[in-house]
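Trainee: Have a look at this one.
The values are calculated or read from the model by the stated rules, or taken from the named source; none is laboratory data. The shown structure was predicted, so the numbers you read here are calculated from the model rather than taken from an experiment. All Cβ positions, even for glycine, are placed from backbone atoms using ideal geometry, and neighbour counts span all protein chains on display.
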């Protein structure tokens, strides 16, 4: 068959929210995981909804929005898909893909039914549990028992690194794939598996692979991959027909810092960057896509190295690329010259992984920065009207009432546009794991204790932060983040309008925290969200909400 697909790439599977919420609820509504989720959801008409679903309901029901396109956190075209697809194409393999499994499963299923797919590769970049992978596997096997399935990415390599061989084999049998890739990179291993299948060779001769042998999965020797980004910049011409308004671009692998709370460098491997020239060539390809509105640079530290960053901004300005961009940003390196270049080159916002306002905790975290550095950086970002979101961790070893107060004071004083504090998540792959004895740490994940705090206290503090902080706006997380917030600016919303909407949503969450017996969000909260979404201009065109009929109108608006 001439139109066979050598490898079908499966992007992220954002499982239906009801199933996700139900699984977390089984852990207990007092668990750290559920309490974290609870500040991103409201109950409306007896249905538990994340903020993304509320946006879609309000957006579709607002007069003048009859063509409202549902909001989806996966509307950004995946960089992993772009990178792997380009890598396969340059080595003579055909590929196809779904960027979002849930949204494009019908297309995927049609290809499986037609017998056009030789292998399926499941990408696990964003997974923290096995359930999304199991759902994809069940879907594939419903249509085909012949197609070979390859699973790789951070979730798989983390399990192999942190679990014993008995558990790993049990997990792999439960998933039921044919091959598992064990590498921080993995693209070369994927190509080698495809070549082995094409030539009917023995999987025992592969590297970095677990392959099925009877009822067991056998490991092959590990061999470190050294794939250079500069040799495989994404050829966006291959994807242009399916790129819409937003795309993710990577200019570096891993992170030059080794923060003790973070497992990303262990996932991603050695740090490397791409020179400016190939990045500009990649951006040139993107600039030809007429629908493109924004680029998300997904590097963990986009503004490092500093001089490369400035040169890239100057080149972006010189070439006149008109799409906006946003990124993760280390604001301790901010200066006036850089801010001017960022603003002129189209920066609309930055994600700031600040983590703590306490120098004591920052030192424990090996953050290589101080709260004073961060303050100066945020001040410059605000001066140039670049939107800011600060992310903070509560409960890291050494955390006390005093260090929490320093973090709260930092958030209040800097007045970032958005913030979020979250309970520390303790995982084996992070550097702090090796200091368990030093800090007397017990437990893991969301359930832990150490010599200065325990997980429940940290959760209580996060709730108190949500209720008490006034000068920055809490940003809900589930199926929604800073990246997705900025997308709404490209749908004609303004930052003040979005802040008003999120503040109304948070008011509903606040009411839930203060009055746990109340299940339903108040009509007043729903009304505020509706009015915020419509904006002042559209509000005058709406049917007036009279007090006597407000309940009926809003109930009708939120019918399911």
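Trainee: Determine, yes or no, whether residue 398 is in the same structural domain as residue 486 (by TED's automatic domain parsing) and in contact with a helix residue (DSSP H, G or I) (Cβ under 6 Å, 6 or more places away or on another chain).
Mentor: Working: in the same structural domain as residue 486 (by TED's automatic domain parsing): yes; in contact with a helix residue (DSSP H, G or I) (Cβ under 6 Å, 6 or more places away or on another chain): yes.
Against the criterion (in the same structural domain as residue 486 (by TED's automatic domain parsing) and in contact with a helix residue (DSSP H, G or I) (Cβ under 6 Å, 6 or more places away or on another chain)), residue 398 qualifies.
Trainee: Can residue 169 be described as surrounded by fewer than 20 Cβ atoms within 10 Å (Cβ to Cβ), touching a strand residue (DSSP E or B) at 6+ places or on another chain (Cβ under 6 Å) and not assigned by TED's automatic domain parsing to the domain that holds residue 439? I'd like the intermediate steps shown before the answer.
Mentor: Values: surrounded by fewer than 20 Cβ atoms within 10 Å (Cβ to Cβ): yes; touching a strand residue (DSSP E or B) at 6+ places or on another chain (Cβ under 6 Å): yes; not assigned by TED's automatic domain parsing to the domain that holds residue 439: yes.
The answer is yes for residue 169.
Trainee: Output the number of the condition that residue 318 fails; it satisfies all remaining conditions of (1) closer than 26 Å to residue 240 by Cβ; (2) assigned to a helix (DSSP H, G or I); (3) under 23 Å from the mean Cα position of the chain (by Cα).
Mentor: (3)
Trainee: State the number of residues belonging to the range 287-315 that are surrounded by 20 or more Cβ atoms within 10 Å (Cβ to Cβ) and part of a helix (DSSP H, G or I).
Mentor: Residues flagged as surrounded by 20 or more Cβ atoms within 10 Å (Cβ to Cβ) and part of a helix (DSSP H, G or I) within the range 287-315 amount to 3.
Trainee: Would you be able to say whether some residue in the range 476-491 is surrounded by 16 or more Cβ atoms within 10 Å (Cβ to Cβ), in contact (Cβ under 8 Å) with a residue 40 or more places away in the chain and closer than 21 Å to residue 359 by Cα?
Mentor: Filtering the range 476-491 down to residues surrounded by 16 or more Cβ atoms within 10 Å (Cβ to Cβ) leaves 476-489.
Next, from what is left, pick out any that are in contact (Cβ under 8 Å) with a residue 40 or more places away in the chain: 476-489.
From what is left, the residues that are closer than 21 Å to residue 359 by Cα are none.
Among the residues of the range 476-491, not one is surrounded by 16 or more Cβ atoms within 10 Å (Cβ to Cβ), in contact (Cβ under 8 Å) with a residue 40 or more places away in the chain and closer than 21 Å to residue 359 by Cα, which makes the answer no.
Trainee: Can you tell me which residue in the range 389-427 is nearest to residue 263 (Cα to Cα), limited to those that are without any contact (Cβ under 8 Å) to a residue 40 or more places away in the chain and crowded, with 21+ Cβ neighbours inside 10 Å?
Mentor: Selected residue: 426.
Trainee: Out of 352, 341, 286, 313, which single residue is under 23 Å from residue 235 (Cβ atoms), in contact with a helix residue (DSSP H, G or I) (Cβ under 6 Å, 6 or more places away or on another chain) and modelled with pLDDT of 95 or more?
Mentor: Numbers: 352 fails: under 23 Å from residue 235 (Cβ atoms); 341 fails: under 23 Å from residue 235 (Cβ atoms); 313 fails: under 23 Å from residue 235 (Cβ atoms).
Within the list 352, 341, 286, 313, the selection yields 286.
Trainee: Can residue 105 be described as closer than 23 Å to residue 19 by Cβ, without any contact (Cβ under 8 Å) to a residue 60 or more places away in the chain and in contact with a strand residue (DSSP E or B) (Cβ under 8 Å, 6 or more places away or on another chain)?
Mentor: Values: closer than 23 Å to residue 19 by Cβ: yes; without any contact (Cβ under 8 Å) to a residue 60 or more places away in the chain: yes; in contact with a strand residue (DSSP E or B) (Cβ under 8 Å, 6 or more places away or on another chain): yes.
Yes, satisfied.
Trainee: Which one of the conditions (1) over 28 Å from residue 340 (Cβ atoms); (2) touching a helix residue (DSSP H, G or I) at 6+ places or on another chain (Cβ under 6 Å); (3) in a helix (DSSP H, G or I) does residue 406 fail to meet, given that it meets all the rest?
Mentor: The single condition residue 406 does not satisfy is (2).
Trainee: Working only within the range 262-281, note down all residues that are surrounded by 20 or more Cβ atoms within 10 Å (Cβ to Cβ) and either assigned to a helix (DSSP H, G or I) or out of contact with any helix residue (DSSP H, G or I) (no Cβ under 9 Å at 6 or more places or on another chain) (or both).
Mentor: Within the range 262-281, 265, 266, 279 meet the criteria.
Trainee: Same structure again: Quick check on residue 34: is it assigned to a helix (DSSP H, G or I), buried (at least 16 other Cβ atoms within 10 Å of the Cβ), touching a helix residue (DSSP H, G or I) at 6+ places or on another chain (Cβ under 8 Å) and assigned by TED's automatic domain parsing to the domain that holds residue 130? Step through it out loud before you land on a result.
Mentor: Working: assigned to a helix (DSSP H, G or I): yes; buried (at least 16 other Cβ atoms within 10 Å of the Cβ): yes; touching a helix residue (DSSP H, G or I) at 6+ places or on another chain (Cβ under 8 Å): yes; assigned by TED's automatic domain parsing to the domain that holds residue 130: no.
No, not satisfied.
Trainee: Would you check which residues across the range 183-206 are within 20 Å of residue 122 (Cβ to Cβ), at pLDDT 95 or above and in a loop (DSSP other than H, G, I, E, B) and list them?
Mentor: 206 - this is the single residue of the range 183-206 that is within 20 Å of residue 122 (Cβ to Cβ), at pLDDT 95 or above and in a loop (DSSP other than H, G, I, E, B).
Trainee: Another question, if that's okay. Count, please, the residues in the range 113-141 that happen to be in contact (Cβ under 8 Å) with a residue 12 or more places away in the chain, out of contact with any strand residue (DSSP E or B) (no Cβ under 6 Å at 6 or more places or on another chain) and over 26 Å from residue 182 (Cα atoms).
Mentor: Final tally of qualifying residues: 2.
Trainee: Being outside the structural domain of residue 270 (by TED's automatic domain parsing), without any contact (Cβ under 8 Å) to a residue 40 or more places away in the chain, surrounded by 18 or more Cβ atoms within 10 Å (Cβ to Cβ) and at positive phi is the requirement here; does residue 208 meet it? Before the answer, list the steps.
Mentor: Numbers: outside the structural domain of residue 270 (by TED's automatic domain parsing): yes; without any contact (Cβ under 8 Å) to a residue 40 or more places away in the chain: yes; surrounded by 18 or more Cβ atoms within 10 Å (Cβ to Cβ): yes; at positive phi: yes.
In short, yes.
Trainee: Is it fair to say residue 241 is part of a helix (DSSP H, G or I), outside the structural domain of residue 203 (by TED's automatic domain parsing) and buried (at least 16 other Cβ atoms within 10 Å of the Cβ)? Explain how you work it out, then say what you get.
Mentor: Values: part of a helix (DSSP H, G or I): yes; outside the structural domain of residue 203 (by TED's automatic domain parsing): yes; buried (at least 16 other Cβ atoms within 10 Å of the Cβ): no.
Judged against the criteria, residue 241 is not a match.
Trainee: A further question on this structure: Only one of these is out of contact with any strand residue (DSSP E or B) (no Cβ under 6 Å at 6 or more places or on another chain) and either on the phi > 0 side of the Ramachandran plot or exposed (fewer than 14 other Cβ atoms within 10 Å of the Cβ) (or both): 440, 456. Name it. Outline the logic, then answer.
Mentor: Details: 456 fails: either on the phi > 0 side of the Ramachandran plot or exposed (fewer than 14 other Cβ atoms within 10 Å of the Cβ) (or both).
The unique qualifying residue is 440.
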